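The values are calculated or read from the model by the stated rules, or taken from the named source; none is laboratory data. It should be emphasised that the depicted structure is a prediction, and the values quoted were computed from it without experimental measurement. Cβ sites come from the backbone with ideal geometry, for glycine too, and all protein chains shown count toward neighbours. Remember, those area values only see protein heavy atoms, side chains included, never the ligands or the DNA or RNA. Shrake-Rupley method; radii C 1.70, N 1.55, O 1.52, S 1.80 Å.
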Amino acid sequence: MSKIKIVTDSTSYMDQDFIQQHNITVVPLSVHFENKVTEEGFVGEFQTFFDRLATSQDFPSTSQPPVGAFVKVYEEILNEDVEIIVLTISSKLSGTYSSAHTAGQFVDKNKISIIDSESTASNLKAFVQIALEMADQGYSRKEIVERIETQKKRSGICLTVDTLEYLKRGGRLSNTGAFFANLLNIRPVIALVDGKLEGIAKVRGKKKAIDKMINEIPESAFKISICHIFAEEEAFETKNMISTRFPEAEISIDPLGPVVGAHLGPQALGICYLY
């Protein structure tokens, strides 16, 4: 077993079998919704949240793990005389990195490396997989960190939505803007740029939005994931289109959970890639 332990947060959206098999520690973000605070949970547990989101008058907010949650995790791992690599959601999307970093000041920080992935979802999961593989192969913590810091600069995420309702409810779009955009069937294409979400295009119809996202994938992409919120059929269709254009790439389909998905809504679709 590797002497390096990988810690990440719940927005990596890995299934529990993979987490247990590779002895990964996941520190969850929380969702505040309908007067309740719950941990985000794992893949396979998101249906109830999105069903409620579709009918509720309330709109969720999210929060990073408390510093104490990371301190507890660090202390437990360091007691086993194991080094730690922490990979978190982009610091421009959440305060999770800040919590993880602050927690490191309360333990032996010389045995911990904390990486701001400047990403989330399938790309964060991919970085975890890279770290696991390198740790198993005997690479040092420093070598693993250097590889991920390099790779994260060669990654990207594009997203689009089925309806503008959730962007409007989350305060990312005005009521008037949402009304006219829906009237004209306008769909935004949103990209993760330097760790934060930015609109890069507006097109008419979701199909054109997906085409635009596929066109954003660099020719050298070697790992591609179609992320979705209960849009399995579209995800498989998109995978087939991508497979034709990128026959050598490793292509997967991954669900998105409440923290990332609340502002996008059901049927949202995204493409994550490394190149």
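Within segment 12-49, which residues are assigned to a strand (DSSP E or B), within 24 Å of Ser225 (Cβ to Cβ) and not β-branched (Val, Ile, Thr)?
First, pick out the residues of segment 12-49 that are assigned to a strand (DSSP E or B): 25-27, 30-33, 36-39.
Remaining after also requiring within 24 Å of Ser225 (Cβ to Cβ): 25-27, 31, 39.
Passing the criteria: only Glu39.
When you scan segment 80-98, how many residues do you find that are farther than 19 Å from Asn23 by Cα and surrounded by 24 or more Cβ atoms within 10 Å (Cβ to Cβ)?
Looking only at that region, the number is 3.
Among the residues of segment 242-249, is any more than 28 Å from Gly95 (Cβ to Cβ) and modelled with pLDDT under 95?
Taking segment 242-249 first, the residues more than 28 Å from Gly95 (Cβ to Cβ) are 242-249.
Filter once more, keeping what is modelled with pLDDT under 95: none.
Taking every residue of segment 242-249 in turn, none turns out to be more than 28 Å from Gly95 (Cβ to Cβ) and modelled with pLDDT under 95.
Determine which member of the set Lys212, Lys239, Lys208 is in a helix (DSSP H, G or I) and under 22 Å from Lys168 (Cα atoms).
Numbers: Lys212 fails: under 22 Å from Lys168 (Cα atoms); Lys239 fails: under 22 Å from Lys168 (Cα atoms).
None of the others qualify; the one that does is Lys208.
Identify, please: which residue in segment 227-249 is over 14 Å from Asp162 (Cβ atoms) and of a type in the set (A, V, I, L, M) and is, among those, least open to solvent (accessible area, probe 1.4 Å)? Top of the filtered list is Ile242.
If you go through segment 215-236 one residue at a time, how many are more than 20 Å from Asp51 (Cβ to Cβ) and in a loop (DSSP other than H, G, I, E, B)? Before the answer, list the steps.
Initially, segment 215-236 is screened for residues more than 20 Å from Asp51 (Cβ to Cβ), giving 215-226, 236.
Filter once more, keeping what is in a loop (DSSP other than H, G, I, E, B): 216-222.
So the answer is 7.
May I ask you to verify whether Phe70 is over 29 Å from Tyr166 (Cβ atoms) and buried (at least 18 other Cβ atoms within 10 Å of the Cβ)?
Working: over 29 Å from Tyr166 (Cβ atoms): yes; buried (at least 18 other Cβ atoms within 10 Å of the Cβ): yes.
Answer is yes for this residue.
Beta carbons closer than 6 Å, at least 6 apart along the sequence or on distinct chains, pair a first residue in segment 215-243 that is farther than 21 Å from Phe46 by Cβ with a second that is buried (at least 22 other Cβ atoms within 10 Å of the Cβ) and of a type outside the set (Val, Ile, Thr) for Glu216/Cys158; Ile217/Tyr273; Ala221/Tyr273; Lys223/Ala126; Lys223/Leu274; Ile224/Tyr273. Residues being in contact with a Pro (Cβ under 6 Å, 6 or more places away or on another chain), open to solvent by less than 20 Å² (accessible area, probe 1.4 Å) and under 22 Å from Ile229 (Cα atoms) are represented in segment 50-67 by at least one member.
Count of segment 116-166 residues, restricted to those that are open to solvent by 20 Å² or more (accessible area, probe 1.4 Å), outside any helix (DSSP H, G or I) and touching a helix residue (DSSP H, G or I) at 6+ places or on another chain (Cβ under 6 Å), is 3.
Within segment 85-113, how many residues turn out to be touching a residue at least 40 places away in the same chain (Cβ under 8 Å) and in contact with a Pro (Cβ under 7 Å, 6 or more places away or on another chain)?
Here the count works out to 1.
So in segment 12-43, with the set limited to residues that are farther than 16 Å from Ile114 by Cα and of a type in the set (S, T, N, Q), which one is surrounded by the most Cβ atoms within 10 Å (Cβ to Cβ)? Out of the qualifying residues, it is Ser30. Within segment 250-263, the residues that satisfy the criterion of being open to solvent by 10 Å² or more (accessible area, probe 1.4 Å) and either part of a helix (DSSP H, G or I) or closer than 21 Å to Gly44 by Cα (or both) are Ile251, Ser252, Ile253, Asp254, Pro255, Val259, Val260, His263.
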